[in-house]
Amino acid sequence: MDNLEALIKEHLNKEAQSKTRRHFIKSCSSGLGGLALGSMLMGCESFSKTGSSSNRSFSERDLNPLATIPPPFSPKVKSVIYLHMAGAPSQLEMFDYKPKLLKLHGQDCPQSLLEGRKFAFIKGTPKLMGPQAEFVQEGESGNWVSNFLPHFKNVVDEVAFLKAVHTDQFNHGPAQLFMHTGSARLGRPSIGAWATYGLGSENQNLPGFVVLTSGGKTPDAGKSVWGSGFLPSVYQGVQCRSKGDPVLYIEDPEGISRNLKKSTIDAINKINKEEYAKYGDPEILARINQYEMAYRMQIAVPEVMNINDEPENIRRMYGVEPGKESFANNCLLARKLVEEGVRFVQLFDWGWDSHGVVKSGSIDMGLRNKCTQIDRPITALILDLKQRGLLDETLIVWGGEFGRTPMQENRGNKKMQFKGRDHHGDAFTMWMCGGGIKKGASHGQTDDIGFSGVEGRVSVHDVHATILHLLGFDHEQFTFEFQGRPFRLTDVEGSVIHEILA
Amino acid sequence: MEVLTQLLGRLHPVVVHLPIGFIIAGLLLHWTDRKQQQLGKVIPVLFYWGGLSGALACVSGYFQYLGEGYLYDTIKWHLWMGIATTLFCFLMMYRFKEASFLKPINKIPPTALTVLFFVLISITGHLGGNITHGKNFLTEPLPNSVKNFLGLPTYEKKQIVLHEEDWQDAQLYDEVIQPILTNSCVSCHSDKKMKGELQLHTIEGILKGGESGLVLEASNADESDLFVRMNLPRDHEDHMPPKDKSQPSKAEVELIKQWINVGHPFDQTIGESGLDKDYFLAFFPKKIEVNYPDVQVSQAHPDSIQAIKQFGIHVEPISKVTPYLRVSCINQPNFTDSDFKVLSAISAQTAILDLGGTQVSDSIFGRLGQLPQLTVLALDHTQITGEGIDQLQSLQHLKSINLSHSNFEESHLSALSELKSLQKLYLYQTNVQQNNDGTFQEKGIQVDYGNYEVPFLPTDSIVY
């Protein structure tokens with residue numbers, strides 16, 4: 001902070017002497033004539049000193065792109081933890097209980113549902129497949145949860161379900177992009193990038209947008225799902241790892257001491273300051289700031305990413321596996337990051353694509369294992385945030401990129417070895433939990449077999465509008481000027497889902 | 001060539017002002033000279049130039065019509081009136097010259113012709129203005145009373161507000177359905193402007209329907225155009241209101257559906273219609289839960305905020321709509337009791353204060369008592385024991401205190417139950433044993449002792 005103060009002061013002192021040509025022309029009231037006169041008399045610089053009438057000063061954002069900005073409206077939450085189950089979990093085995101579907105198990109899917117539909121793999125006439133899990137109504141809310149999630153059912157009153165979310169994409173890559181950037185095509189900023197761009201980040205020693213992955217693979221859509229699109233790249237997600245160095249190359253190389261590193265950065269900064277004195281370009285100050293932030297992060301990031309310092313009971317509660325890459329570790333890290341003021345934490349867990357081709361991708365076995373892997377950590381995350389008073393100011397979002405079909409997958413029009421369900425974007429379940437969310441709510445309903453939403457359908461844009469609303473934005477006003485027009489996360493759609501708001 | 005014609009076309013809005021100027025000048029000269037009659041030779045010259053420039057305006061206008069894709073129907077009146085004005089201009093020139101071939105016209109007194117000419121050029125100019133600025137450009141800023149007097153459509157958004165205590169007594173049609181229609185439909189469907197021959201501002205109009213027939217099918221919303229067209233996807237050709245107009249909310253469309261389904265009653269209360277309260281929830285005034293008091297305060301001076309920031313404390317308005325501040329020591333873990341004085345400049349605006357993880361001790365409570373608007377307080381991960389916490393009792397708005405991971409003692413708990421507005425208290429990892437004596441519960445204060453566990457289940461270790 002002292003450094004920033006010194007920088008601002010230095011800037012103000014030097015500013016008058018170091019007007020760029022652009023500043024000069026802008027503030028010189030006599031315009032080009034004055035320019036000509038000025039150069040005739042004694043050169044631009046000295047003329048601008050006297051010719052300058054306005055004292056333009058830079059905002060904090062010019063110096064530090066992650067400086068905080070208050071949101072336009074009163075926010076309900078200050079941080080978001082987004083849990084994305086990459087591959088798309090089956091709503092029919094987790095939250096969307098369809099007893100009718102059980103009765104119809106094994107029957108041919110009615111043609112009316114198949115006409116004009118595209119599926120990723122289903123061919124011909126598939127058979128309906130009843131839920132492969134048992135369901136119970138839990139808590140005061142009486143919301144349905146399956147026996148695949150025996151821990152989560154105890155916190156079901158904390159969350160609000162969206163039972164009829166729909167998307168227009170049925171392949172992983174585009175659907176993930178859509179879910180995280182509001183567009184199935186590349187090039188748009190992710191939600192986390194929008195949030196950090198719009199609000200900045202409180203902790204000056206940590207990135208504002210952190211991404212953690214588990215399940216052995218990163219999402220199909222690649223890093224664009226946490227990219228910054230057309231926003232300045234400083235707002236993109238910083239991928240941290242729960243195994244090995246939390247950020248690649250964060251440790252100083254062997255033989256380089258912390259002191260040497262410091263003097264290196266000091267030397268670079270000194271040169272940058274000289275450049276700044278010459279040109280007065282705020283970008284240079286921002287760069288100086290970035291170097292210093294990176295230096296501070298070298299200490300702060302490994303500290304916050306170290307789960308070994310957590311007490312034993314907490315580690316047990318989450319079920320962490322130190323030294324491994326696991327969703328449980330990432331959940332605990334997410335809590336620690338939010339506790340340290342990180343704005344947006346994005347978790348991706350891979351392995352939910354239960355087509356039934358292999359055992360690990362089967363509805364009754366592989367999916368169940370995946371559920372076991374997330375059941376405890378998510379339950380622990382909710383409870384841990386709650387007991388620390390953080391759940392009031394944090395939003396947890398859970399979901400996949402789409403849902404799965406009520407029909408059993410019949411890849412190549414054959415009966416498959418394992419039970420699987422195909423991609424399905426017409427209706428799937430998501431839930432939200434935390435500040436501003438109506439506890440125990442359930443919005444939307446699907447038809448008897450869970451194929452389409454019949455009531456309270458919400459789009460991906462609606463989900464985005466709701467997240468932005470909770471952070472204090474009007475999604476229609478929150479724009480970024482690019483290629484000659486203002487862009488929004490929600491494009492030209494989306495409305496806030498008030499039904500799940502407290 | 002195309003470039004030239006297009007350029008000339010775009011000059012039309014400039015060029016038209018030349019004939020207007022000449023003509024008005026000629027008319028005014030005639031008016032001032034009507035007694036002396038000394039300027040008889042000047043006036044025809046003005047009309048001569050008026051006519052020439054008018055012809056230029058006609059040509060450029062025609063190019064603009066060709067080049068900018070206007071529909072003939074949009075511009076036809078302006079076009080022909082423009083040509084007429086130009087011709088009339090030459091006519092006026094010869095009239096003032098008293099040319100011999102205009103004998104019959106020379107009998108008409110020039111003043112009558114000038115009045116006619118003035119009317120002609122006014123209409124032509126107005127029609128042109130309508131094309132560039134839109135038909136209601138001129139009348140839009142008029143107050144509603146004047147618009148009514150002129151017979152222009154008036155249209156005012158109606159707020160739909162229901163209240164918890166008497167929502168069932170509200171008239172379903174008058175107080176809910178009609179305002180929805182007024183806000184979303186009536187600007188185009190009324191007696192003033194009757195698109196598709198449909199009027200939705202009166203009961204008769206709604207029942208009568210429009211050019212494609214009835215809009216209401218009794219008790220069947222899915223067959224009623226009124227609902228169906230609102231419910232179509234926004235980019236559907238038949239969607240109403242048109243996609244560039246403001247749209248009714250989902251709740252409003254849903255309510256139109258429900259109203260039709262119960263037989264579109266016009267004289268029932270909501271209670272009589274039997275519709276569920278859920279459909280109306282969107283119209284109840286929202287109690288907005290915010291973390292600052294409902295008390296007006298002045299803005300903190302930017303300089304004092306800057307000074308505090310330079311001390312390493314995060315301080316920022318909670319949002320752009322309030323002067324209340326959120327203050328956090330997240331970047332200043334070395335903050336101590338004596339540092340508190342740097343916050344004095346913003347003591348009137350501090351609503352959220354996060355001192356978590358700092359070096360503060362029990363003597364902080366006396367100082368916290370000087371933040372009259374304090375609403376949310378975090379003292380987690382500190383050494384405080386709670387000695388002197390009774391000094392917070394003067395705080396009228398304090399609704400949440402986080403004491404988790406501190407040395408807070410059970411003996412000071414009772415002082416907290418005296419806090420007027422307290423709603424939430426976090427006591428995880430303190431020296432307080434979970435007790436259920438009910439004092440807090442009685443006062444509606446949620447106490448979170450934490451220590452949640454996720455017990456081991458046999459299923460946890462099963463791998464399929």
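Structural remarks
- Residue in segment A:194-206 that is within 14 Å of chain B (Cβ to nearest Cβ), among the acidic types (Asp, Glu) and in contact with a Phe, Trp or Tyr (Cβ under 9 Å, 6 or more places away or on another chain) present: no
- Test for A:Leu113: is it surrounded by 15 or more Cβ atoms within 10 Å (Cβ to Cβ), among the hydrophobic types (A, V, I, L, M, F, W, C) and either in contact with a Pro (Cβ under 8 Å, 6 or more places away or on another chain) or not assigned by TED's automatic domain parsing to the domain that holds A:Ile374 (or both): no
- On inspection, B:Val290 fails the criterion of being farther than 24 Å from B:Asn231 by Cβ, under 28 Å from the mean Cα position of the chain (by Cα), more than 12 Å from every other protein chain (Cβ to nearest Cβ) and modelled with pLDDT under 90.
- Single match in B:Asp238, B:Asp294, B:Asp339, B:Asp303 (criterion: closer than 30 Å to B:Val215 by Cα, acidic (Asp, Glu) and not in a strand (DSSP E or B)): B:Asp238
- Applying the condition of being of a type in the set (D, E, K, R) and outside any loop (DSSP other than H, G, I, E, B) to segment A:87-100 and asking which residue is farthest from the other protein chains (Cβ to nearest Cβ) yields A:Lys100.
- Only one entry in A:Ala300, A:Ala334 is under 25 Å from the mean Cα position of the chain (by Cα), in contact (Cβ under 8 Å) with a residue 24 or more places away in the chain and crowded, with 20+ Cβ neighbours inside 10 Å, namely A:Ala334.
- Residue, modelled with the lowest pLDDT, within segment A:41-86, restricted to residues that are within 14 Å of chain B (Cβ to nearest Cβ) and farther than 30 Å from A:Val211 by Cα: A:Ser57
- Sub-6 Å Cβ pairs linking a first residue in segment B:74-103 that is assigned by TED's automatic domain parsing to the domain that holds B:Gly125 and over 30 Å from B:Lys135 (Cβ atoms) to a second residue that is buried (at least 17 other Cβ atoms within 10 Å of the Cβ) and among the small types (Gly, Ala, Ser), at least 6 apart or interchain, are B:Phe90/B:Gly51, ordered by first then second residue.
- Considering segment B:30-53, and only residues there that are aliphatic (A, V, I, L, M) and buried (at least 19 other Cβ atoms within 10 Å of the Cβ), the residue that is nearest to B:Arg95 (Cα to Cα) turns out to be B:Ile43.
- Evaluated against (1) out of contact with any Phe, Trp or Tyr (no Cβ under 6 Å at 6 or more places or on another chain); (2) of a type in the set (Val, Ile, Thr); (3) in contact (Cβ under 8 Å) with a residue 24 or more places away in the chain, A:Ile271 falls short on exactly one condition, (3).
- When residues of segment B:414-452 are limited to those that are of a type outside the set (Phe, Trp, Tyr) and facing another protein chain (nearest Cβ under 10 Å), the one surrounded by the fewest Cβ atoms within 10 Å (Cβ to Cβ): B:Asn451
Table: residues versus (1) crowded, with 16+ Cβ neighbours inside 10 Å; (2) closer than 27 Å to A:Val492 by Cα.
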site: B:Ala218; (1), (2): no, no
site: B:Asn231; (1), (2): yes, yes
site: B:Met240; (1), (2): yes, yes
site: B:Asp244; (1), (2): no, yes
site: B:Pro248; (1), (2): yes, yes
site: B:Gln258; (1), (2): yes, no
site: B:Lys277; (1), (2): no, no
site: B:Val295; (1), (2): no, no
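- Residue in segment B:379-391 that is over 24 Å from B:Phe311 (Cβ atoms) and either within 14 Å of another protein chain (Cβ to nearest Cβ) or among the hydrophobic types (A, V, I, L, M, F, W, C) (or both) present: yes
- Helices (runs of 4 or more DSSP H) lying entirely in segment B:42-157 (those with 2 or more residues that are among the β-branched types (Val, Ile, Thr)): B:42-67, B:72-97, B:110-133
- The condition of being within 14 Å of another protein chain (Cβ to nearest Cβ), basic (Lys, Arg) and over 30 Å from A:Leu186 (Cα atoms) holds for only one of A:Arg258, A:Arg316, that being A:Arg316.
- Cβ-Cβ distances below 8 Å connect the following pairs, each with a first residue in segment B:122-150 that is touching a residue at least 60 places away in the same chain (Cβ under 8 Å) and under 24 Å from B:Glu68 (Cα atoms), a second residue that is surrounded by 13 or more Cβ atoms within 10 Å (Cβ to Cβ) and among the hydrophobic types (A, V, I, L, M, F, W, C), and a separation of six or more residues or different chains: B:Gly125/B:Val16; B:Gly125/B:Ile20; B:Gly128/B:Val16; B:Ile131/B:Ile75.
- Of the residues contained in segment B:158-176, none is found to be surrounded by fewer than 17 Cβ atoms within 10 Å (Cβ to Cβ), within 30 Å of B:Tyr70 (Cα to Cα) and not β-branched (Val, Ile, Thr).
- B:Val215 being β-branched (Val, Ile, Thr), part of a loop (DSSP other than H, G, I, E, B), under 30 Å from B:Val327 (Cβ atoms) and in contact with a Ser or Thr (Cβ under 9 Å, 6 or more places away or on another chain): no
- Residue match in segment A:234-243 (condition: farther than 22 Å from A:Gly173 by Cα and loosely packed, with under 14 Cβ neighbours inside 10 Å): yes
- Segment B:216-237: number of residues that are touching an Asp or Glu at 6+ places or on another chain (Cβ under 9 Å), free of Cβ contacts under 8 Å to residues at least 12 places away in the same chain and of a type outside the set (A, V, I, L, M): 2
- Pairs, first more than 10 Å from chain B (Cβ to nearest Cβ) and buried (at least 23 other Cβ atoms within 10 Å of the Cβ) in segment A:373-401, second polar (S, T, N, Q) and outside any helix (DSSP H, G or I), C-beta under 6 Å, six or more apart: A:Leu385/A:Thr394; A:Thr394/A:Ser79
- Conditions (1) more than 12 Å from chain A (Cβ to nearest Cβ); (2) among the hydroxyl-bearing types (Ser, Thr, Tyr); (3) within 22 Å of the chain's Cα centre (by Cα): number failed by B:Thr322: (1)
- Yes/no for A:Glu292 being in contact (Cβ under 8 Å) with a residue 24 or more places away in the chain, among the acidic types (Asp, Glu), within 14 Å of chain B (Cβ to nearest Cβ) and more than 22 Å from A:Ser79 (Cβ to Cβ): yes
- Considering each residue of segment A:281-292 in turn, at least one proves to be under 29 Å from A:Gly192 (Cα atoms) and among the β-branched types (Val, Ile, Thr).
- Odd one out for B:Pro455 among (1) free of Cβ contacts under 8 Å to residues at least 12 places away in the same chain; (2) more than 14 Å from chain A (Cβ to nearest Cβ): (2)
The values are calculated or read from the model by the stated rules, or taken from the named source; none is laboratory data. All values derive from a computational prediction rather than experimental measurement. Note that we place each Cβ from the backbone using ideal geometry, even for glycine, and neighbour counts take in every protein chain shown.
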